[in-house]
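Let me begin by presenting the structure, written as structure tokens, before commenting on it.
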Amino acid sequence: MGKAPRDDPDPEAPRKLAGEPPVAPACRPDQWVDLHGDAMFSYALMRLRDRDLAEEVVQEAFLAAVRGIDRFQGKSSERTWLIGILKHKILDVFAKRRREGPVAGLDAGGDFVDGLFDPRGMWKQPPADWRPDPAKLMEQGEFWAAFEQCMEHLPQRLAEVFSLRVVDENRADEVCKVLGITDTNLWVLLHRARTRLRHCLEANWFRKKGKTAQT
Amino acid sequence: MLSCKQATQLISEALDRKLSLGQRVGLRFHVMMCSACRAYRRQLVVLNDLFSQYFSSERGQSGGRGVSLPEESRQRIKRAIRIQAE
């Protein structure tokens, strides 16, 4: 909580006093790839799960950003702004796929959920009694690495609905439209995705970590 | 009465939409009686909030596992940006 030394004045102080908005941080497209390339690529890769396609979409997003650079106003960070553009490019990929072929993979992951229950619909192996501590988990890089591995094991269709709806928080009707599925499809697919992720995290994190991950 | 399989589907759906009155009543009754589905619900709700919090943070948006953009496409994209910027 130390104060800034007096001989190091805040360069923005006079502007603040004059009530002007702060200067937008320098927007330097020649540095974008070094500053944000890896983050953009891993963002696209998690959602598209195809390295070539992810590289292509990252390039498209950067070029769109150069064209629209006047619209960057420094209200968000440069990274957030670029990711926002990338997000739209990724939705375009899904929409394009949707236009090009029939909707597939609606049965993805159904067998897995069926396998958790007996013919009467009772748990064969009930969930273990772990209690996640969100504050602690937020800070644990290892947990998120385990999560990403679990994501990679989801069938493609389940990973898509989960990324679009839960990770990116797109509206449900938008997700349905982009993927060409109904509400009911979406709910069933999300349920399968969550159930598999819960199961995978239980096996690969909560059981292994035991008490350290609990409250 | 709902089976555990049906109950888990409703527990998950409740994160996405408002259940009908009949579904809410059926689910409440089932969960009261069933500790396994109670654990499932507790875990799903906490994980759901956690995901939402994490992925709206800058760290969550950037992915954490150190995936690198391959050198070749790095150079290609840099060139493309330079050309576009001119």
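Cross-link list A:75/B:78; A:177/B:18; A:75/A:209; A:87/B:78; A:89/B:18; A:89/A:136: which exceed 29 angstrom alpha carbon to alpha carbon?
Over 29 Å Cα-Cα: A:75/A:209; A:89/B:18; A:89/A:136.
On a 0 to 90 degree scale, rounded to 10, what angle separates helix A:183-201 from the longest Cα axis of chain A?
So the inclination is approximately 90 degrees.
Can you tell me the 0 to 90 degree angle between the C-alpha axis of helix A:141-153 and the longest principal axis of chain A, rounded to 10?
For A:141-153 against chain A, the angle is about 50 degrees.
Would you mind giving the mean number of other chain beta-carbons within 10 Å of the Cβ of each residue in A:177-186, as a whole number?
1
Roughly speaking, what % of Cα-Cα pairs in region A:46-114 are separated by over 17 Å, rounded to a whole number?
55 percent
Sticking with the crude label model, points 7 Å out along Cα→Cβ, report the distance from residue A:208 to residue A:169 in nm, one decimal please.
Going from the residue A:208 label point to the residue A:169 one covers 2.9 nm.
Taking the Cα-to-Cβ direction at residue B:75 and at residue A:152 and moving 7 Å from each Cα, how far apart do the two end points lie in nm?
Roughly 2.7 nm, to one decimal.
When only alpha-carbon atoms are used, what values of Rg and Dmax, in angstrom, describe the protein assembly as shown?
In Å, with Rg to one decimal and Dmax whole: 22.5, 75.
Can you give the FRET efficiency for residue A:120 and residue A:95, using 1/(1 + (r/R0)^6), R0 = 45 Å, r = Cβ-Cβ distance, to the nearest 0.05?
E(calc), rounded to 0.05, equals 0.60.
Using 10 Å bins from zero, what percent of all Cα-Cα pairs in region A:156-215 falls into each bin?
22, 42, 21, 13, 1
With r as the distance between the Cβ atoms of residue B:57 and residue A:67 and R0 = 35 Å, compute the FRET efficiency 1/(1 + (r/R0)^6) and round to 0.05.
0.80
Using the alpha-carbon atoms, what tilt in degrees (0 to 90, nearest 10) does helix A:51-67 show relative to the longest principal axis of chain A?
Computed tilt is about 30 degrees.
What percent do you get for the relative contact order of region A:123-215 when only Cα pairs under 8 Å and 6+ apart count?
Reported relative contact order: 46 percent.
To the nearest 20 Debye, how big is the dipole of region A:112-215 about its Cα centre, given +1 on the beta carbon of each Lys and Arg and -1 on that of each Asp and Glu?
420 debye
Run through every distinct alpha carbon pair of chain B and return the Kirkwood hydrodynamic radius in angstroms, one decimal place.
16.7 Å
Using only alpha carbon pairs under 8 Å that are at least six residues apart, calculate the relative contact order of chain A and give it in whole percent.
This gives 21 percent for chain A.
Helix check for chain B. Which DSSP H runs span at least 24 Å along their own axis by Cα, with a mean Kyte-Doolittle hydropathy no less than -1.0?
For chain B, where a helix must reach 24 Å along its axis and average at least -1.0, the hits are B:35-55.
About the Cα centre of chain A, how large is the charge dipole given +1 on each Lys and Arg Cβ and -1 on each Asp and Glu Cβ? Please answer in debye to the nearest 20.
620 debye
So for the protein assembly as shown, taking the charge dipole from beta-carbon charges (+1 Lys/Arg, -1 Asp/Glu), which of A:63, B:40, A:122 sits furthest toward the positive end?
Selected residue: A:122.
Using the count of nearby Cβ atoms within 10 Å as a rough guide to exposure, how do A:78, A:142 rank from fewest to most?
A:142, A:78
If you build a Gaussian network model of chain A, linking Cα atoms that sit under 10 Å apart, which residue out of A:141, A:37, A:84 swings the most?
In the Gaussian network model the winner is A:141.
Counting other beta carbons within 10 Å of each residue's own, what order do A:51, B:74 fall into, fewest first?
Least to most surrounded, the residues fall as A:51, B:74.
Throughout, read-outs are computed from the coordinates displayed, never taken from laboratory work. Please read these numbers as outputs of a predicted model, since none were measured by experiment. We place every Cβ from the backbone using ideal geometry, glycine too, and count neighbours over all the protein chains shown.
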